[in-house]
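Have a look at the structure below before the remarks.
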Amino acid sequence: MTTNAPSGNRRAVKAVIPAAGLATRFLPATKAVPKELLPVVDRPVLQYIVEEAAAAGITDVLLVTGRGKTSMVDHFDRRPDVEARLAEKGDTERLAEVRRTSELADIYTCRQGEPLGLGHAVGTAASHVGDNAFAVLLGDEFVDLEEPLLPAMLDLQARTGGIVLAFVEVNPEETSRYGIASIKETGTTDVVEVTGLVEKPTPEEAPSNLAVLGRYVLPASIFEAIDNTKPGSGGEIQLTDAMAQLLADGTPVHGIVYRGHRYDTGMPLGYLQAVVQLAVKRPDLGAEFSEWLKDFVGSLKG
Ligand code: G1P
């Protein structure tokens, strides 16, 4: 495989959001509602993710969905009946918010028929993505729009033609929840060269404390690597293993160490933290909610 050469230096313009999972951590809430549609204040998690893609100039978004999850697509569709009602009432602010959801991006879908792993989910996007580099945004993590990450990743990928990852520093006891990288410094602040990748290592096996965050920019050669990847950690076809294969074949792999704020809504605790943090920041609710929160926290002490 010849993967050393830059791939034409065009910024990726498509994103894939794997969102076929069962979300067992949120049962019973997720029996009938996809976890990606759980609200953070008044927008579903998935909207924050599509907004992050759109803010980086990506407006072609493929949702990898599963059974019972098609309501995710409805969220980004027009709702002429709701819009007409809001227009009638003169509620222009809400009307604009409702319209905006359908204007953020062009949403496409494909199915992951069986839950065979993140690598497998990304593999289902092959025909939609075609031959160009593309972004992958995991469906339960997002970053602050004021501290964007994706634009720098897309620029770096266009320069290297390889794989670009993003890392967060985690505590040693957390390595078994993430893909962990071994790295070399590049001389550029917060950009590292990746020399190895391992999925969910124990703290003893972990080569560093740099954990792969749910944002990737990948060359199309990942699809062949996924096809050649055998089940790994958890018996699943892991994206990390497919990336490790490309790395071994000579594809440049870089990572940006993200220092901004990341919201991780994949677990109940992180989800609750995201709701509170974003509610505090809201221009319409923040002041009143913060006052209440201070009193409430005060009442917990003693
Ligand atoms: C996935 C990836 C892992 C990555 C993580 C980020 O794991 O396999 O490498 O660090 O997302 O959230 P999951 O959370 O699906 O178990």
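Restricting to region 235-256, name every residue that is within 14 Å of the ligand (Cβ to nearest atom), aliphatic (A, V, I, L, M) and either closer than 15 Å to F142 by Cα or not in a helix (DSSP H, G or I) (or both).
Once the filter is applied, which keeps residues that are within 14 Å of the ligand (Cβ to nearest atom), aliphatic (A, V, I, L, M) and either closer than 15 Å to F142 by Cα or not in a helix (DSSP H, G or I) (or both), region 235-256 yields I237, V253.
Filter region 68-98 down to the residues that are outside any helix (DSSP H, G or I) and without any contact (Cβ under 8 Å) to a residue 24 or more places away in the chain and list them by number.
Of the residues in region 68-98, the ones outside any helix (DSSP H, G or I) are 68-70, 76-79, 90-91.
Scanning region 68-98 gives R79, G90, D91.
Of all the strands (runs of 3 or more DSSP E) wholly in region 104-198, which have at least 2 residues that are without any contact (Cβ under 8 Å) to a residue 12 or more places away in the chain?
Those strands (runs of 3 or more DSSP E) span 179-185.
Take E83 and decide whether it is surrounded by 15 or more Cβ atoms within 10 Å (Cβ to Cβ) and more than 16 Å from the ligand (Cβ to nearest atom).
So E83 passes the test.
Report, by residue number, each residue of region 179-195 that is closer than 11 Å to V253 by Cβ and either in contact with a Cys (Cβ under 9 Å, 6 or more places away or on another chain) or within 13 Å of the ligand (Cβ to nearest atom) (or both). Outline the logic, then answer.
So the first thing to find is which residues in region 179-195 are closer than 11 Å to V253 by Cβ, and the list is 181-184, 192-195.
A181, V194 - these are the residues of region 179-195 that are closer than 11 Å to V253 by Cβ and either in contact with a Cys (Cβ under 9 Å, 6 or more places away or on another chain) or within 13 Å of the ligand (Cβ to nearest atom) (or both).
Counting only residues that are touching a helix residue (DSSP H, G or I) at 6+ places or on another chain (Cβ under 9 Å) and not acidic (D, E), which one in region 232-243 is farthest from G130 (Cα to Cα)?
Going residue by residue through region 232-243, those that are touching a helix residue (DSSP H, G or I) at 6+ places or on another chain (Cβ under 9 Å) are 232-233, 236-243.
In the following step, the residues that additionally are not acidic (D, E) were identified as 232-233, 237-240, 242-243.
Working: G232: 26, S233: 28, I237: 21, Q238: 21, L239: 18, T240: 21, A242: 18, M243: 18 Å.
Result: S233.
Can you find a residue in region 264-282 that is in contact with a strand residue (DSSP E or B) (Cβ under 7 Å, 6 or more places away or on another chain), within 14 Å of the ligand (Cβ to nearest atom) and in a strand (DSSP E or B)?
yes
Of all residues in region 16-33 being part of a loop (DSSP other than H, G, I, E, B) and surrounded by 14 or more Cβ atoms within 10 Å (Cβ to Cβ), which is farthest from the ligand (Cβ to nearest atom)? Explain how you work it out, then say what you get.
Taking region 16-33 and keeping what is part of a loop (DSSP other than H, G, I, E, B), we get 19-23, 27-33.
From the residues that got through so far, the ones that are surrounded by 14 or more Cβ atoms within 10 Å (Cβ to Cβ) too are 19-23, 30, 33.
On the way: A19: 11, A20: 11, G21: 8, L22: 12, A23: 11, T30: 15, V33: 19 Å.
Among those residues, the one meeting the criterion is V33.
Computed from the coordinates by the stated procedures, all read-outs in this text should not be read as laboratory data. Bear in mind that the values here come from a model prediction, so they are computed numbers and not experimental data. Quick reminder, even Gly has a Cβ in these numbers, built from the backbone with ideal geometry, and neighbours come from all protein chains shown.
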